[in-house]
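The values are calculated or read from the model by the stated rules, or taken from the named source; none is laboratory data. Bear in mind that the values here come from a model prediction, so they are computed numbers and not experimental data. Neighbour counts are summed over all protein chains in view; Cβ atoms, including those assigned to glycine, are modelled from backbone coordinates with ideal geometry.
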Amino acid sequence: MKTAAVMTRDVVVVAPTVGAASASRMMDRLRVRHLPVVEARQLVGILSDRDLLRAGGTDSSLTCGEVMTAAPITCPPDASVGQLAALMVQHKIDSIPIVGSSGVLIGLCTSTDLLSLLIERAQAQVLPLPFDYRLRVAASDGDARAFAA
C-alpha cells in the first residue's frame, strides 16, 4: 500500500513568521501534535509539541521558524507504508510530511494514521467461523442449557 492512500490531505500549516505561542494554541484547539511550516508553498520545517517543549513552552517572542525542526524527514506519496513506518521508527518521530517531486507539501502521515490503518485491517480480517458451535451455560452442576450460535 502506498503512503498516498493513508496520508492526511487536509493539513493545517503555518508560516515561519507565526508566533510559537499562537501555533501552540492552534495545535491545542485542533487537537494535533504537528504543524508543517510552509513558505511559498514549500515545506521548510515541522513544528511539533516536542519542539515547543524544548523551546521552553510558548514564549511569546519566539516564532515557528525559530522553534521548528528545519529540513524534516519527508517521504514521497508513492513510498510504501512499510517504508514510511520504518523511517518513523528509525528516526523516533511521529509524523512525516509527504511532499511531491517539487518539494510542495501534499499531505502528512502520522503514527495515528498508521495505527488507524492497522485497526481497519484487523477488523476486515474478522471472518465467520467455518463450523457451527454451541455454548453451554451451567446454572448449577446438573443443569446445562445449550444456546445455539
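Structure data summary
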item	result
Residue match in region 88-100 (condition: over 15 Å from Ala5 (Cβ atoms), under 24 Å from the mean Cα position of the chain (by Cα), charged (D, E, K, R) and modelled with pLDDT under 85)	no
Residues of region 13-42 classified as in contact (Cβ under 8 Å) with a residue 60 or more places away in the chain and surrounded by fewer than 21 Cβ atoms within 10 Å (Cβ to Cβ), total	5
Which listed residue is modelled with pLDDT under 90 and not in a helix (DSSP H, G or I), from Arg145, Arg121	Arg145
Evaluation of Leu87 against (1) in contact with a Cys (Cβ under 8 Å, 6 or more places away or on another chain); (2) in a loop (DSSP other than H, G, I, E, B); (3) among the aliphatic types (A, V, I, L, M) (one fails), failing number	(2)
Single residue of region 1-40 satisfying the filter (among the charged types (D, E, K, R) and touching a strand residue (DSSP E or B) at 6+ places or on another chain (Cβ under 8 Å)) that is farthest from Ser95 (Cα to Cα)	Lys2
Count of region 33-48 residues which are on the phi > 0 side of the Ramachandran plot and in contact with a His (Cβ under 6 Å, 6 or more places away or on another chain)	0
Residues within region 14-43 that are in a loop (DSSP other than H, G, I, E, B) and within 17 Å of the chain's Cα centre (by Cα), tallied	3
Val12 vs. criteria of a type in the set (A, V, I, L, M), closer than 27 Å to Pro76 by Cβ, in contact with a helix residue (DSSP H, G or I) (Cβ under 8 Å, 6 or more places away or on another chain) and modelled with pLDDT of 90 or more	yes
Members of region 44-84 that are among the small types (Gly, Ala, Ser), assigned to a helix (DSSP H, G or I) and crowded, with 16+ Cβ neighbours inside 10 Å	Gly65
